[in-house]
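First comes the structure, then the notes that go with it.
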Amino acid sequence: MDALNTKPNLAAPDDFYEDLIGLHRDLTEAQSALVNAKLILLLANHVGDPDVLREAMAAAREGISPHL
Amino acid sequence: MTYTNPVFAYRRPPELDGSTRHCGVVIVGAGPVGLAAAIDLAQREIPVLVLDDDDTVSVGSRAICYAKRTLEILDRLGCGEPVVQKGVGWNVGKVFHGDQLTYQFDLLPEPGHHRPAFVNLQQYHFEEYLVRRADALAAAEVRWKHRVVDVAPAEAQVRLRVATHDGEYALTCDWLIVCDGARSPVRHMLGLDTEGQVFRDRFLIADIHMATDFPTERWFWFDPPFHPNQSVLLHRQADNVWRVDFQLGWDADPEEEKKPENILPRLRAMLGADADFEIEWASVYTFQCRRMQRFRHGRVLFAGDAAHLVSPFGARGANSGVQDTDNLVWKLAMVLRGQAPDSLLDSYDAERVAAADENILNSTRATDFITPKSVVSRTFRDAVLALAHRHTFARKLVNSGRLSVPKVLADSCLNTPDSHAFSGMMVPGAPAADAPVSGPRGEWLLPYLGGGFALLVFGDGISPESARELAQDTIPCGIVQVGGTLREDRVVIQDKDGLVAARYDASGQTCYLIRPDQHVCARWRAFDPAAVRRAIARATCNHERDVQWTR
């Protein structure tokens, strides 16, 4: 279970982060949510491997408990 | 109106005048599922009595999409042809989001199959053809306006009380097949329940008669301008009748929505102010994805909507019900003839519960896409639709119903696991694939298989002695030989386009054992009569008891 690469892999992390935040500039919450969803779907398709995707989903959810 | 419901005659039963009757099989419900079961039994010359509380076929179009596998079963039951002739074939589906065409798909059938992926036909036509077929079979008796009011299953038989307008009478039977629909009165009488999900949404379906040049395609809209925030489906049926399906949301009032004065504005908004149409039938429904825990309760067997319910997206209701009977009837026939122990009927439960779960899974996923349950689910749904216009990957995620395909019974205990290497789709448990052939019984492979056990064998490696022994066994097995020398003791067909060999990954002396319901249950690279017998014994639950094979 180490198919998901969580080691540094971005050539220019600060540039990426700036682009990511910039992507949402001047958007409403709903528009931002839609953009994020589209981004996830595009990247998921690029990754393809279901094990990597499941691992990424688990890592994203880690430490977040259901709100009851 | 394009259709007038027939009225089938009620006949006063002799049991009201003192005679008593014990039946091998009684079926409750003369809908598509009950009738398919009755025809299958009667074709095997097993007397069957069907009881129905009504005296006509379905009111309104209801189930309209009949899948390839169902058509193949109907061919075996002698009513495939009228359904295909009357039905409307279609291949193209279009998906719209807002006012844009997002993408279109083509079911583009693989060539070399007799039956198309789907035909659309109103349920009343479908039922009428089945009623006619049942009436033509001496072993089937359908009693209209006979309502079962009490069921008492016991160890040795099932007792029924039946009400007519002339009074009540009693019947007994060895086996009861319950096909009385989603609300299943018999299931309630027995105190049995279904488990699963009810979806908090309502849909309006309307049949409209409309002469139009719209293409024969399935059109599905998400959030169209004429019906914002909801989905709409338009699908063609026979006789220029069109099915329109409007998602309404949970808060809609079903009684109000059903009124023509409320339906008309919705249709006008969709079809244009000048469209010339007439409403034939309308209904508001909610849907559920549920099933009974078990489909067999001793001598009582449940099939169709009485046993399992799915949402309509994907056409898995009537199709899976007919497939239930295809699985059940040959097993019941063998039990009735003493050819198999009644534990064979437990495999009906196992195989069709697995099929129901697959249908429920597909249907639930489609419903979650069409009716998102949360804000984030809706966001992802809209993201998929927004991407699908430009990016082909996202089209695979759009789910307006995954259309019905038969269950591959890969985990069935009736299968003999492979001992040789094979590739392709025809794994043990798979429904046998069709292919063009030439031979004494026509131009397609499937009609040569089914009814009883068949050994599909490539080449003429089976000796006359072996052929005779297999044909004369306690459970006979016919030989269907592909290519090679013509012989009296077997059916020989020619693989005219090479598609039988290709679809069955044939080489050398490849043999496939095909069940009476046309599912593969074993296969080998070489013919071994002892292995064939063991596989037949396994497929009939006879491997646990000592079978005296005639030799």
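Numbers at a glance
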quantity: Alpha-carbon Rg with Dmax, taken over chain B, Å; calculated: 24.5, 77
quantity: Spin-label model distance (nm) - residue B:216 vs residue B:188, 7 Å beyond Cα toward Cβ; calculated: 4.0 nm
quantity: Model label zone, residue B:274; criterion: amide N under 20 Å from point 7 Å along Cα-to-beta-carbon; scope the range B:216-244; calculated: B:226
quantity: Hits among lysines - C-alpha to C-alpha of residue B:373 under 20 Å, sequence gap 8 or more where chains match; calculated: A:38
quantity: Angle in degrees between helix B:32-43 and the longest Cα principal axis of chain B, rounded to the nearest 10; calculated: 20 degrees
quantity: Segment residue B:441-residue B:337, extension gain: residue separation times 0.36 nm, minus the distance between their alpha carbons; calculated: 34.7 nm
quantity: Order of B:360, B:39 under a 10 Å beta carbon neighbour criterion, fewest first; calculated: B:360, B:39
quantity: Cysteines, chain B, no other Cys beta-carbon under 4.7 Å; calculated: B:65, B:79, B:179, B:289, B:413, B:477, B:511, B:521, B:541
quantity: Spin-label pair residue B:9/residue B:138, simplified geometry with 7 Å Cα→Cβ offset, distance in nm; calculated: 2.0 nm
quantity: Ranked B:210, B:425, B:189, criterion: other C-beta atoms within 10 Å, fewest first; calculated: B:425, B:189, B:210
quantity: The range B:93-101 - phi-based ³J(HN,Hα) in whole Hz, Karplus 6.51/-1.76/1.60, Gly and Pro as x; calculated: x, 10, 10, 10, 10, x, 9, 10, 6
quantity: Mean separation of Cα contacts under 8 Å (6+ apart) over length of the range B:447-551, as relative contact order %; calculated: 30 percent
quantity: Calculated on alpha-carbon atoms, Rg and Dmax of the protein assembly as shown in Å; calculated: 27.1, 93
quantity: FRET E, pair residue B:346, residue A:29, Förster distance 60 Å, beta-carbon r, rounded to 0.05; calculated: 0.65
quantity: Using alpha-carbon coordinates, inclination of helix B:123-135 to the longest axis of chain B, degrees; calculated: 30 degrees
quantity: Efficiency of FRET between residue A:6 and residue B:543 - r from beta-carbon atoms, R0 35 angstrom, step 0.05; calculated: 0.10
quantity: Estimated inter-spin distance, residue A:21 and residue B:2, nm [label 7 Å along Cα→Cβ]; calculated: 6.1 nm
quantity: Exposure proxy ranking, count of Cβ atoms within 10 Å, fewest first, for B:377, B:283; calculated: B:377, B:283
quantity: In order through the range B:202-207: 3J(HN,Hα) via Karplus (6.51 cos²θ - 1.76 cosθ + 1.60), integer Hz, x for Gly, Pro; calculated: 10, 10, 9, 10, 9, 9
quantity: Cα-based helix-to-principal-axis angle, B:344-370 vs chain B, degrees rounded to 10; calculated: 20 degrees
quantity: Computed over chain B: relative contact order in percent, which uses C-alpha pairs under 8 Å that are six or more apart; calculated: 14 percent
quantity: Nonlocal amide H pairs with residue B:248, under 5 Å, H built at 1.01 Å; calculated: B:202, B:203, B:204
quantity: Fraction of antiparallel bridges per DSSP, the protein assembly as shown only, in percent to nearest 5; calculated: 70 percent
quantity: Helical contribution to [θ] at 222 nm, DSSP H n ≥ 4, -39,500 (n - 2.57), averaged over the protein assembly as shown, rounded to 500; calculated: -9500 deg cm²/dmol
quantity: Partner chain coverage, peptide A:35-45 - average Cβ within 10 angstrom; calculated: 5
quantity: Chain lengthening between residue B:393 and residue B:286 when straightened (0.36 nm per residue, less Cα-Cα); calculated: 35.4 nm
quantity: Amide H within-cut-off set for residue B:281, under 5 Å, with H built and near neighbours excluded; calculated: B:207
quantity: R0 of 22 Å, Cβ-Cβ distance residue B:253-residue B:198: FRET efficiency to nearest 0.05; calculated: 0.80
quantity: Amide H within-cut-off set for residue B:50, under 5 Å, with H built and near neighbours excluded; calculated: B:27, B:141, B:142, B:143
quantity: Under Karplus coefficients 6.51, -1.76 and 1.60, residue-wise ³J(HN,Hα) of the range B:181-191 in Hz, glycine/proline x; calculated: x, 4, 8, 4, x, 5, 4, 5, 4, 8, x
quantity: Net charge of neighbours whose Cβ lies under 13 Å from the Cβ of residue B:171, counting Lys and Arg as +1 and Asp and Glu as -1; calculated: 0
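Laboratory data are not the source of any read-out in this text; all were calculated from the coordinates shown. These numbers come from a predicted model, not from an experiment. With ideal geometry, Cβ positions are generated from the backbone for all residues, glycine too; neighbour counts draw on all protein chains shown.
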